[in-house]
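J.: Let me give you the structure first, and then I'll get to my questions.
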Protein chains: 2
Amino acid sequence: VIGDRADRIAAEVRAATEEADFVIVTGGLGPTEDDVTRRGVAAAGDVPLVEDRAALKQIERFFQRRNREMSESNRGQALIPQGGGLFPNPIGTAPGFELIINGHPVFCLPGVPEEMRLLMKKYVLPRLSDGKGRKQARPARVRLHLAGITESSVNEQIKGLASLADLKVGITVHHSVITIQVSARDDGGAGRLEAAREDLRKIFGNRIFGEGTDNRIEEAVGRLLIEKGITFALAESCTGGLLGHMMTSVPGISDVFLEGTVAYSVDAKMRTLAVPEKLLQEHGQVSSQVARAMAQGAAERAGARAGIGITGIAGPGGGTPEKPVGTVHMAVFLDGALWDRRYMFGGDRNMIKRRSATLALDLLRRAVLGTL
Amino acid sequence: VIGDRADRIAAEVRAATEEADFVIVTGGLGPTEDDVTRRGVAAAGDVPLVEDRAALKQIERFFQRRNREMSESNRGQALIPQGGGLFPNPIGTAPGFELIINGHPVFCLPGVPEEMRLLMKKYVLPRLSDGKGRKQARPARVRLHLAGITESSVNEQIKGLASLADLKVGITVHHSVITIQVSARDDGGAGRLEAAREDLRKIFGNRIFGEGTDNRIEEAVGRLLIEKGITFALAESCTGGLLGHMMTSVPGISDVFLEGTVAYSVDAKMRTLAVPEKLLQEHGQVSSQVARAMAQGAAERAGARAGIGITGIAGPGGGTPEKPVGTVHMAVFLDGALWDRRYMFGGDRNMIKRRSATLALDLLRRAVLGTL
C-alpha cells in the first residue's frame with residue numbers, strides 16, 4: 001500500500017520491476033489531485049505524460065451519455081505515460097494503461113473494484129498468458145460448495161476417506177456455505193482428485209449446490225428456478241430485504257421473481273401476507289406457523305408457484321428466554337406443499353441475516369429438486 | 001498469508017516476534033483438521049497444548065443452547081497453548097488466546113470476520129494501549145461523508161481553499177458516498193484542521209451526512225427517522241430489496257420501518273402499490289411518474305408518513321436507446337409532499353443498485369431535514 005505521493009509510487013514501481021516479471025498497480029487514477037498514480041508510473045518509466053486521444057474521447061462520451069458536463073479534472077484522466085498502451089474503461093471515467101519499465105509490463109488499473117475486475121479480465125489476464133508475462137500454473141484442485149450442514153459434520157463424514165489420503169483437504173465456511181477444497185500435493189494428482197470428487201459427491205449428494213467458482217447459492221437457486229420456469233415470491237421479516245437483494249443480483253431473474261415483501265410490522269404480515277391474526281397471537285410472530293403462512297401468503301398473493309417465508313430475531317434487541325436472539329423460522333411453499341425449518345444462529349445481526357438467507361434459499365433449492 | 005501447516009505457522013510467528021512488538025494471527029482456529037493455528041503457535045512458543053476448562057465449558061454451552069450435539073472435533077477447539085490467556089468467544093465456537101513468545105504478545109483470533117472484530121475490540125485493543133504492546137498515535141484528521149454530489153464537483157469546490165493549504169486532502173468515493181479526508185502533515189495541525197472542517201461544513205452544508213467513522217448513510221438516515229419518529233415504507237424495483245436490507249441493519253429501526261415491497265413485476269406495482277395502469281402504459285415502468293406513485297403507494301398502504309420509490313434498469317438486459325442500462329428514477333414521499341430525481345449511473349448491476357440506494361436514502365434524509 002503506497003500513499004498518494006508520486007515520488008514514492010515511482011520508487012516502489014521501479015523497484016518492483018527489478019524484482020518481478022510483471023507489476024499490477026491499482027487505484028489513484030481518479031480525477032482529483034490526490035490521484036497521482038499516472039504521474040508516479042510515468043516517472044518510474046522516465047517518460048512524460050501525454051494526452052491520449054482515444055481516452056479523452058471515451059471520457060467525453062461517458063459524460064455526454066449522462067448529460068453531465070466534463071470538468072477539467074476529468075480531462076486529466078486522459079493522460080497516460082508516453083509509449084504506454086491504453087486499456088479503455090467502458091464503465092467509468094478512469095482508463096487503465098500498461099507501460100513497459102525495465103523490460104517488464106506494469107499494468108495500472110482503476111481502484112473501483114468493478115472497474116478493476118473488468119479491465120483485469122479483459123486486458124491483463126490475456127497479456128499474462130501470451131508469454132509477455134508468465135502464467136502461473138494453478139495446482140489442480142476441486143472445490144465443492146454445500147449448504148444446510150455444519151462444518152463439523154462435514155469433517156466427521158470425510159474423516160478417513162481413503163480417496164483423500166494423499167490429497168490436501170481444506171474446509172471453510174462463509175455465511176453458512178461450507179466449501180470443501182481438495183488439492184493435489186504434487187503434479188500427478190489429477191486422477192486421484194477425480195476419485196475424491198466422486199466420493200464426495202456420493203457422500204453429500206445434492207447438499208452440494210455448486211462447484212469451482214460457482215459458490216453463490218443465489219446463483220444456483222436463481223438458475224434452477226429460471227431453467228424450470230418456477231415463479232416465486234418472498235416474504236421477509238428478519239432478513240429485511242436481503243433475500244430479495246441476493247436474488248435480484250442474478251441476471252434474468254425478472255422472468256420468475258414476481259414480488260417480495262419485507263413484512264417488518266405485525267400489520268404488514270396480516271395485511272399484505274394474509275397471515276391470520278389468530279396464528280400471530282397463538283404462536284407469536286417468530287414461529288413455524290407464521291413462517292409457513294408467510295411463504296404461502298406471498299406465493300398466493302403474487303400468483304407464484306413458490307414462496308419463501310422467514311421470521312426471526314436478528315437482535316441485538318427482541319430476544320426472550322424462549323426465543324433468544326438468533327432464533328429463526330423459515331418455510332418454503334411450492335405448488336401447494338409446505339416445508340419449514342427452525343434454526344438457532346450465533347453471531348451478530350448481519351451474520352444472522354446472511355445465514356438465514358443462505359439456508360432459506362437452500363431449502364427452496366431442495367424443495368424444487370424434490371429431495372426434502 | 002500462511003498456509004495450513006503448523007510448522008510454517010510456528011516458523012513465521014517465531015520470526016515475527018523477533019521483529020515486532022506484538023503479533024496478531026487470525027484464522028485456523030476452527031474444528032477441522034486443517035485448522036492448525038493453535039498447534040503452530042504452541043510450537044512457536046515451545047509449549048504443549050492443554051485443554052482449557054473455561055473454553056470447553058463455553059463451547060459446550062454454545063451447543064447446548066442450540067440443542068446440537070458437540071462433536072469431538074469441536075472439543076479440540078478448547079485446546080490452547082500452555083501458559084496462554086483465553087479470549088472467550090460469545091458468538092462462535094472458536095475462542096481466541098494470547099501467548100507471550102520472546103517477550104512479545106501473540107494474539108490469536110478466529111478468522112470469521114465478526115468474531116475476529118469482537119475479540120479484537122474486547123481483548124486485543126485494550127491490551128495494546130496498556131503498555132504491554134505499543135499504541136500507535138493516530139495522526140489528527142477530519143473525515144466528512146457526503147452524498148448527492150460528484151467527486152469532480154467536490155474537487156472543484158475545494159480547490160484553492162485557503163484553510164486547506166497546509167493540509168493533506170484526499171477524496172474517495174464508494175457507492176456514491178464521497179469522503180473528504182483532511183489530515184495534518186505534522187503534529188501541530190489541530191487548529192488548522194478545525195478551521196478547514198468549518199470551511200468544508202460551510203461549503204457543503206447538509207450534503208454532509210456524517211463525520212469520522214459515521215460513513216454509513218443508512219445509519220444516518222435510520223437514526224434521523226427514529227429520532228424524529230417518522231414511520232416509513234419502501235417500494236423497490238431495480239434495487240430488489242437492497243434498501244430494506246440496508247435499513248434493517250440499523251438497530252432499533254423496527255420502531256419506524258413498517259413495510260417494504262420488492263415490486264419486480266408490473267402486476268406487483270399495480271396490485272400492491274396501487275400504481276395506476278394508465279401511468280405504467282403512458283410513461284413506462286421506469287419513469288418519474290411511476291417512482292412517485294410507488295413512493296406514495298408504499299407509504300399510504302403501510303400507513304407510514306414517508307415512502308421511497310425506486311424504479312430503474314440495473315442491467316445487463318432491459319436497456320433501450322431512450323432508457324439505457326443505468327437509468328434510475330427515484331422518489332420520496334413525506335407527509336403528502338413528493339420529490340423525484342433521475343440518474344444515469346455507470347457501472348454493473350451491483351454498482352447501479354448500491355448507488356441508487358445511497359442516493360434514494362440521501363433524498364429522504366434531505367426531505368426530512370427540510371432542505372430539498
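The values are calculated or read from the model by the stated rules, or taken from the named source; none is laboratory data. If you're wondering where the values come from, they're calculated on a predicted model, not measured in any experiment. Positions of Cβ are generated from backbone atoms using ideal geometry, with glycine treated the same way; all protein chains shown enter the neighbour counts. Ligands, DNA and RNA are stripped out before the accessible areas are found, and what is left, the full protein with its side chains, is counted by its heavy atoms. Shrake-Rupley method; radii C 1.70, N 1.55, O 1.52, S 1.80 Å.
J.: Using 1/(1 + (r/R0)^6) with R0 = 22 angstrom and r between the beta carbons of A:ASP34 and B:ALA195, what's the FRET efficiency to the nearest 0.05?
T.: For R0 = 22 Å, the calculated efficiency reads 0.65.
J.: Whole-Hz Karplus ³J(HN,Hα) for region B:14-27, in order, using 6.51 cos²θ - 1.76 cosθ + 1.60 and θ = phi - 60°, x for Gly and Pro?
T.: 4, 4, 5, 5, 7, 9, 10, 6, 8, 10, 10, 10, 10, x
J.: Taking Cα atoms of the protein assembly as shown, Rg/Rh with Kirkwood Rh, to two decimals? All intermediate terms of the calculation are to be shown ahead of the outcome.
T.: On the way: Rg = 27.4 Å, Rh = 28.4 Å.
Rounded to two decimals, Rg over Rh is 0.97.
J.: A further question follows. Each residue of region A:272-281 in turn: what ³J(HN,Hα) in whole Hz from Karplus with 6.51, -1.76, 1.60 and θ = phi - 60°, glycine and Pro shown as x?
T.: 7, 9, 6, 6, x, 4, 4, 4, 4, 6
J.: Sticking with this structure for a sec: Rolling a 1.4 Å sphere over the protein heavy atoms, what is the accessible area per residue of region A:314-372, to the nearest Å²?
T.: Numbers: 2130 Å² over 59 residues.
Computed with neighbouring chains in place, this is 36 Å² per residue.
J.: Here is a follow-up. Could you compute the longest span of chain A free of GluC sites (Glu not before Pro) located in DSSP loops and having at most 10 other Cβ atoms within 10 Å, not counting the site residues?
T.: Details: sites that count: A:GLU69, A:GLU322.
Longest site-free region, per DSSP loop and neighbour criteria: A:70-321.
J.: Would you mind working out the accessible area per residue for region A:50-202, using a 1.4 Å probe, and quoting it in Å²? Numbers along the way, then the final one.
T.: Values: 7840 Å² over 153 residues.
Here the residues of region A:50-202 average 51 Å² of exposed surface.
J.: For A:VAL275, list long-range residues whose amide hydrogen, built 1.01 Å from N in the peptide plane, is under 5 Å from its own amide hydrogen.
T.: Residues meeting the amide H criterion: A:MET270.
J.: Given a 10 angstrom Cα cut-off, can you work out which residue in B:ILE59, B:ILE180, B:ILE203 is the most mobile in a GNM of chain B?
T.: Comparing B:ILE59, B:ILE180, B:ILE203 in the GNM, the peak value goes to B:ILE59.
J.: Nearest 100 Å² is fine: how much accessible area is buried between A and B, summed over both sides, with a 1.4 Å probe? Can you show the working numbers first?
T.: Numbers: alone 18630 and 18660 Å², together 32360 Å².
Chains A and B together bury approximately 4900 Å².
J.: Kindly report, to the nearest 10 Å², the accessible surface of A:LYS57 as traced by a 1.4 Å probe over protein heavy atoms only.
T.: A:LYS57 exposes around 110 Å² with every protein chain in place.
J.: May I ask which residue of chain A has the beta-carbon nearest to the axis carrying chain A onto chain B, and at what distance in whole Å?
T.: For the rotation taking chain A to chain B, the closest Cβ gives A:GLY241, 2.
J.: Still on this structure: Return the aspartates and glutamates within reach of B:LYS159: Cα separation strictly under 16 angstrom, same-chain partners fewer than 8 residues apart disregarded; answer none if there are no such residues.
T.: Result set, ordered by chain and number: A:GLU33, A:ASP34, A:ASP35, A:GLU72, B:GLU151, B:GLU198, B:ASP199.
J.: Residues with amide H under 5 Å of B:PHE87's amide H, sequence separation 5 or more or different chain, H placed in the peptide plane at 1.01 Å from N; which?
T.: Excluding prolines and chain starts, which carry no amide H, the hits are B:GLY96, B:PHE97, B:GLU98.
J.: Can you order the peptides B:307-320, B:74-87 by their average number of other Cβ atoms within 10 Å per residue, highest first? Don't skip to the end; give the middle numbers.
T.: Working: B:307-320: 22.3, B:74-87: 20.4.
Packing order, densest peptide first, comes out as B:307-320, B:74-87.
J.: Calculate the mean, over all residues of peptide B:150-160, of how many other protein chain Cβ atoms lie within 10 angstrom of the residue's Cβ.
T.: For peptide B:150-160, the averaged partner shielding equals 5.
J.: Determine ³J(HN,Hα), in whole Hz, for all residues of region A:287-294 in sequence, where each value follows from phi through the Karplus function 6.51 cos²θ - 1.76 cosθ + 1.60 and θ = phi - 60°; x replaces Gly and Pro.
T.: Going residue by residue, I get 7, 5, 4, 6, 4, 5, 5, 5 Hz, with x marking Gly and Pro.
J.: Could you pull out every residue, at least 5 positions away or on a different chain, whose amide H is within less than 5 Å of the one on A:GLN285? Hs are placed 1.01 Å off N in the peptide plane, and Pro or chain starts have none.
T.: The answer is none.
J.: Moving on to the next point. Check the straight Cα-Cα distances from A:LYS353 and name the aspartates and glutamates below 12 Å, setting aside those fewer than 8 residues away within the same chain.
T.: A:GLU236
J.: Could you give the angle, 0 to 90 degrees to the nearest 10, between helix B:53-65's Cα long axis and the longest principal axis of the Cα atoms of chain B?
T.: 40
J.: Quick check on region B:25-114: take the gyration tensor over C-alpha atoms, sort the square-rooted eigenvalues as a ≥ b ≥ c, and tell me if it's rounded (a/c under 1.5), prolate or oblate. Walk me through the intermediate numbers first.
T.: Numbers: a/c = 1.87, a/b = 1.78, b/c = 1.05.
Prolate, since a/c reaches 1.5 and a/b exceeds b/c.
J.: On to the next question. In what order, largest first, do B:VAL177, A:VAL1, B:VAL266 sit by accessible area if the probe radius is 1.4 Å?
T.: Numbers: B:VAL177 15, A:VAL1 195, B:VAL266 60 Å².
The ranking, largest first, comes out as A:VAL1, B:VAL266, B:VAL177.
J.: Mind listing the label-point distances from A:GLU72 to the same position on all other copies, shortest first, one decimal in nm, points 7 Å along Cα→Cβ?
T.: 7.4
J.: In addition: For helix A:190-204, what angle does its Cα long axis make with the longest principal axis of chain A, in degrees from 0 to 90 and rounded to 10?
T.: The answer is roughly 30 degrees.
J.: Under the 0.36 nm per residue contour assumption, what length would be gained going from the current alpha-carbon distance of A:PHE63 and A:LYS278 to full extension?
T.: On the way: separation 215, 0.36 × 215 = 77.40 nm, distance 5.70 nm.
Between A:PHE63 and A:LYS278, full extension yields an extra 71.7 nm.
J.: Of B:PHE232, B:THR213, B:THR172, which is farthest on the positive side of the dipole of region B:172-250, counting Cα position, with +1 on Lys and Arg Cβ, -1 on Asp and Glu Cβ, and the Cα centre as origin?
T.: B:PHE232
J.: Other chains' Cβ within 10 Å of B:232-239 residues: what's the mean? Working shown, then result.
T.: Numbers: counts 0, 4, 3, 0, 6, 2, 2, 4.
So the per-residue partner count for this stretch is 3.
J.: For the pair A:LEU372 and A:GLU211, what calculated FRET efficiency results from E = 1/(1 + (r/R0)^6), where r is the Cβ-Cβ distance and R0 = 25 Å, to the nearest 0.05?
T.: Numbers: r = 22 Å, r/R0 = 0.87.
For A:GLU211 and A:LEU372, the calculated efficiency is 0.70.
J.: Sorted from largest down, give the three principal axis spans of the alpha carbons of chain A, whole angstrom values.
T.: Principal-axis extents of chain A (Cα, largest first): 76, 59, 41 Å.
J.: Okay, moving on. Please compute the length gained on full extension between B:ALA165 and B:VAL50, using 0.36 nm multiplied by the number of residues separating them and subtracting their Cα-Cα distance.
T.: Details: separation 115, 0.36 × 115 = 41.40 nm, distance 5.86 nm.
Roughly 35.5 nm would be gained on extension.
J.: For n ≥ 4 DSSP H runs only, could you compute -39500 (n - 2.57) per run for chain B, divide by its residues and tell me the 222 nm figure to the nearest 500? All intermediate terms of the calculation are to be shown ahead of the outcome.
T.: On the way: 14 runs with 142 residues, N = 372.
Dividing the helical sum by the residues of chain B leaves -11500 deg cm²/dmol.
J.: Using the Cα centre as the reference, give the magnitude of the dipole from point charges on the C-beta atoms of region B:16-113 (Lys, Arg: +1; Asp, Glu: -1; all else neutral), rounded to the nearest 20 debye.
T.: Values: 9 positive and 13 negative charges, 126 e Å.
Computed charge dipole of region B:16-113: roughly 600 debye.
J.: At B:LYS278, with labels set 7 Å past Cα in the Cβ direction, how many nm apart are the copies from this one, shortest first?
T.: 4.2
J.: Still on this structure, I have one more. Answer rounded, prolate or oblate for region A:285-362, using the Cα gyration tensor with square roots of eigenvalues a ≥ b ≥ c: rounded when a/c is under 1.5, else prolate when a/b is larger than b/c, else oblate. Walk me through the numbers before you get to the answer.
T.: Working: a/c = 2.51, a/b = 1.95, b/c = 1.29.
Prolate.
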